[in-house]
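The values are calculated or read from the model by the stated rules, or taken from the named source; none is laboratory data. Keep in mind the model is a prediction, meaning the values are calculated, not measured. Note that each Cβ is placed from the backbone with ideal geometry, even for glycine, and that neighbours are counted across all protein chains shown.
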There are 2 protein chains.
Amino acid sequence: MSVTGTLYIVSAPSGAGKSSLIKALLEQTQGNALQVSVSHTTRDPRPGEVNGQHYHFVGKAEFQQMIAQDDFFEWAEVFGNFYGTSKKAIEASLAQGIDVFLDIDWQGARQVKQLMPASKGIFILPPSREALEQRLQNRGQDSDDVIAKRMAEAQSEMSHYNEYDFLIINDDFEQAVAEFGAIIQGQRLNTERQSALHHVSLAQLLA
Amino acid sequence: MSVTGTLYIVSAPSGAGKSSLIKALLEQTQGNALQVSVSHTTRDPRPGEVNGQHYHFVGKAEFQQMIAQDDFFEWAEVFGNFYGTSKKAIEASLAQGIDVFLDIDWQGARQVKQLMPASKGIFILPPSREALEQRLQNRGQDSDDVIAKRMAEAQSEMSHYNEYDFLIINDDFEQAVAEFGAIIQGQRLNTERQSALHHVSLAQLLA
């Protein structure tokens, strides 16, 4: 009887602060059986991106072969590039009792939820449309056209928030991190996981 | 669209520290929309027990009438005395967005879970049989015979722990309180509750 990790599907519109929240949570819970799944992609690495850390960068032929071998939980083609979540690495982590974050959109989330009904969905929303637009502008890396396009994409992504189990509204960052942590910590106290974790003392107690 | 509270069924063998844990949690979250349901009973008040606070003390005729009117979520007769959980007060609290703790045994828990499938069960266990026996002895209020009887009852109650959603092992008291709190805090972030709580800003955000 071994402890199994929980798979968390984390989605948010671009600019909601998802990456910063995940990063802060991982830092707070260092070594505490929590990791982010690394996706496979056929797109080129951007400056600073490290293979195996930000993505597994693979060629299109390899990606197609992985699709053919049913290696992906979910995959999608976005602007001519492929993105996918490999089953093998995630299943290995979960089997070791590690909770895994899957950072994917609502379409990928639906696919994963179907394959892994025990997974938990967490959606992150910005506090307001103004705040979202402000955050996209503050990045300073996109033109007005791109920002307008991202806002439209955000509206579309956000309309699916109610397909998720948990909802975090990222207004105050520290509070949002605490809420994120409380969801994980609370889930870890489910009876199945606790029974596996404490099976020796439970066997003695209930003998 | 208003926020609805969650009904928590909390069970434990006598001596597991349930009352102390609930008390500590309520103190920590004072005014934070959390309360313990007060049961009805036909037994006589013990020294220090206050009507309406520890129990609603009622006569047998009144209790029987409440049974006939289907006023109880669950009720039971224990050693000739009746104990029951009134629906009305709990439903009123939940409708106000208050989370309610129901401190009942596994038999009552089954009845409530059937009537309120959205309720969450939390079971509290002692870390070991020795610790449980020690705690029962430290109370200093019971004879060896009574303690032996309570230990047998505890074994019976504990055998139902896996019918509950969450499990807390009360070894370190402070940690157990923190875990108790994390379960409540995590549950409060479920999408349904969050949608109701933030419906004004969500309507603006998603318009």
>> If I go through segment A:162-192 residue by residue, how many of them are outside any loop (DSSP other than H, G, I, E, B), at the interface with another protein chain (Cβ under 7 Å from one of its Cβ atoms) and in contact (Cβ under 8 Å) with a residue 60 or more places away in the chain?
In response: 3
>> Restricting to segment A:80-109, name every residue that is among the small types (Gly, Ala, Ser) and away from chain B (no Cβ under 14 Å).
In response: A:Gly80, A:Gly84, A:Ser86, A:Ala89, A:Ala92, A:Ser93, A:Ala95, A:Gly97, A:Gly108
>> I need the full set of residues from segment B:110-132 which are under 19 Å from B:Ser159 (Cβ atoms), touching a residue at least 40 places away in the same chain (Cβ under 8 Å) and either within 13 Å of chain A (Cβ to nearest Cβ) or in a loop (DSSP other than H, G, I, E, B) (or both), in order please.
In response: B:Gly121, B:Ile122, B:Phe123, B:Ile124, B:Leu125, B:Pro126, B:Pro127, B:Ala131, B:Leu132
>> Just to check your reading of the model, which residue among A:Ala196, A:Ala178, A:Ala207, A:Ala154 is under 22 Å from A:Phe79 (Cα atoms) and either more than 20 Å from the chain's Cα centre (by Cα) or surrounded by 13 or more Cβ atoms within 10 Å (Cβ to Cβ) (or both)?
In response: A:Ala154
> For B:Ala154, all conditions in the list (1) touching a residue at least 40 places away in the same chain (Cβ under 8 Å); (2) within 10 Å of chain A (Cβ to nearest Cβ); (3) part of a helix (DSSP H, G or I); (4) within 27 Å of A:Gln175 (Cα to Cα) hold save one; what is the number of the exception?
Replying inline: (4)
>> Which numbered condition in (1) of a type in the set (A, V, I, L, M, F, W, C); (2) within 25 Å of A:Leu125 (Cα to Cα); (3) crowded, with 19+ Cβ neighbours inside 10 Å is the only one that A:Ala24 fails?
In response: (3)
> Among the residues of segment A:4-12, is any closer than 30 Å to A:Val200 by Cβ and among the β-branched types (Val, Ile, Thr)?
Replying inline: yes
>> Can you tell me which of (1) on the phi > 0 side of the Ramachandran plot; (2) at pLDDT 95 or above is the one A:Gly80 doesn't meet?
In response: (2)
>> Need pairs with beta-carbon distance below 8 Å; first residue farther than 23 Å from B:Met116 by Cβ and within segment B:56-81, second of a type in the set (Phe, Trp, Tyr) and buried (at least 17 other Cβ atoms within 10 Å of the Cβ); sequence gap 6+ or separate chains.
In response: B:Lys60/B:Phe82
> Does A:Lys113 count as among the basic types (Lys, Arg) and either buried (at least 20 other Cβ atoms within 10 Å of the Cβ) or in contact with a Gly (Cβ under 9 Å, 6 or more places away or on another chain) (or both)?
Replying inline: yes
> Which of (1) exposed (fewer than 15 other Cβ atoms within 10 Å of the Cβ); (2) within 17 Å of B:Gln194 (Cβ to Cβ); (3) more than 8 Å from chain B (Cβ to nearest Cβ) is the odd one out, the single condition A:Ser159 does not satisfy?
Replying inline: (3)
